[in-house]
Amino acid sequence: MGDSAPVLPSEVSTAAAGDDAAGAPAAPRGLWYLAMPGTRLKRGTAVHRTLLDEPVLIGRDNAGAVFAMRDICPHRAMPLSAGRFDGETVTCAYHGWQFGTDGVCRNIPSLVEEYRKTIRLDRIGTRSYPCREAQHLIWVYMGDDREAADQDLPAPPEIPARGRPGIAETLDLECHFDDAVIGLIDPAHGAYVHRNWWWRSSKTLTEKAKRYAPSELGFTMVRHAPSANSRIIRMLRGEKTVEISFRLPGVRVEHMTLGDRHTYVGVTAMTPVSEYRTAMHHVMYWSHPLMTLAKPIAIPVTRNFLNQDRTAMNRQREGRRKSDAAMLLPDADTPAKWYMALKKELAAARAEGRDFRNPVPETVLRWRS
Ligand code: FES
Ligand SMILES: [Fe+2]
């Protein structure tokens, strides 16, 4: 990588995606990551996922509880996902070693009785990860400190009474985690990436001024009336308000009120798979019966929308092979700047063993979109 440094005006800064020199790894460890929507995991099944380059087996036991363990057999490295899970025990496909959902070995079939007395199975196992389900979302804690896992739960979104998501989609992006997260909080791409008759076009750019405040491990665009330049929003009746929050590692929650009775919540979370692969999860909850009626239309519309983001990010990845360009202009790129600052501060606070000090100021950002 490495362009020759461009000449930049003083109000423009740069931050290369994945720039570890800033002291912050691309995807911070010691945080909860959204592994998958819970609606995609039936009782008595287990699936493979790669999270932060680690192979993880995620399952749901017969009682409905979720678990996560390293997807590698400690005997001779067979992926456990190649074996069987009966709702209680994972059986390796190679020599049939069995593991509980806590990752601890329960049985080694090849052992004769004499050795069973001396070999302690409870000392053998594959690593288990803290794993929780909240609001039908499965989170895995990617860190080494189990106590931190107890303290630092992901903020589950506030969701309408019915609780279950109406739509849950996961897309694979071929892009760096930082580019994916920056794309998620970028306010200026809508009119170019999402050009649809039912959404908006680039001919209707208007000036926006939005108030922001620091919030847990991130920032929040404080509650306001949603922008009137998208046709879908204009179609819904009643007074609307929206609040959009972002928190590390890469979770965006949009909370909209529709009139005084109804709520919509959209959660979009980026989860790093490997260096240039990122999973984008998008989950939508609502209480409005009209939105349930519109679901057959909403599903393809949502997929189309998410695919536009994927196409943009995958194309950007092509450019990334040749360039680490990352100019940050006021104010549309300020959320990206904050994201880099949040990661840097998290790394510094941990290295110095002190509390996290949110670097985001309370401010108004202005841009045209
Ligand atoms: S590799 Fe898993 S039982 Fe041998
Ligand atoms: Fe987008």
Quick check: is even one residue across the stretch 63-72 within 30 Å of His176 (Cβ to Cβ) and either among the polar types (S, T, N, Q) or surrounded by fewer than 19 Cβ atoms within 10 Å (Cβ to Cβ) (or both)?
yes
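Residues are listed down the side, and each one gets a yes or a no for (1) over 17 Å from Ile185 (Cβ atoms); (2) basic (Lys, Arg); (3) at pLDDT 95 or above; (4) open to solvent by less than 10 Å² (accessible area, probe 1.4 Å):
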{"residue": "Val273", "(1), (2), (3), (4)": "yes, no, yes, no"}
{"residue": "Met280", "(1), (2), (3), (4)": "no, no, yes, yes"}
{"residue": "Ser287", "(1), (2), (3), (4)": "yes, no, no, no"}
{"residue": "Leu293", "(1), (2), (3), (4)": "yes, no, no, no"}
{"residue": "Val301", "(1), (2), (3), (4)": "yes, no, no, no"}
{"residue": "Gln308", "(1), (2), (3), (4)": "no, no, yes, no"}
{"residue": "Thr311", "(1), (2), (3), (4)": "yes, no, yes, no"}
Filter result for the condition that a residue is away from ligand 2 (no atom under 16 Å from the Cβ) and basic (Lys, Arg), over Arg315, Arg303, Arg320, Arg310
Arg320
Sort out which residues of the stretch 163-190 are more than 13 Å from ligand 2 (Cβ to nearest atom), surrounded by fewer than 18 Cβ atoms within 10 Å (Cβ to Cβ) and part of a loop (DSSP other than H, G, I, E, B), and write them in order of number.
Gly163, Arg164, Glu174
Quick check: anything in the stretch 318-330 without any contact (Cβ under 8 Å) to a residue 12 or more places away in the chain, open to solvent by 40 Å² or more (accessible area, probe 1.4 Å) and either under 24 Å from Thr50 (Cα atoms) or touching a Gly at 6+ places or on another chain (Cβ under 8 Å) (or both)?
yes
So which residues in the stretch 123-147 are modelled with pLDDT under 95 and either charged (D, E, K, R) or loosely packed, with under 15 Cβ neighbours inside 10 Å (or both)?
Arg132, Glu133, Asp144, Asp145, Arg146, Glu147
Quick one: is Pro249 closer than 30 Å to Leu31 by Cα, assigned to a loop (DSSP other than H, G, I, E, B) and modelled with pLDDT of 90 or more?
yes
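Results for (1) touching a helix residue (DSSP H, G or I) at 6+ places or on another chain (Cβ under 6 Å); (2) at pLDDT below 95, shown as yes or no for each residue.
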| site | (1), (2) |
| --- | --- |
| Gly2 | no, yes |
| Gly23 | yes, yes |
| Arg43 | no, no |
| Ile58 | no, no |
| Met69 | no, no |
| Thr89 | no, no |
| Cys105 | yes, no |
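The values are calculated or read from the model by the stated rules, or taken from the named source; none is laboratory data. Worth saying up front: this structure is predicted, and the values here are computed from it rather than measured. Quick reminder, even Gly has a Cβ in these numbers, built from the backbone with ideal geometry, and neighbours come from all protein chains shown. Keep in mind that these areas ignore ligands, DNA and RNA; they rest on the heavy atoms of the full protein, side chains included. Shrake-Rupley method; radii C 1.70, N 1.55, O 1.52, S 1.80 Å.
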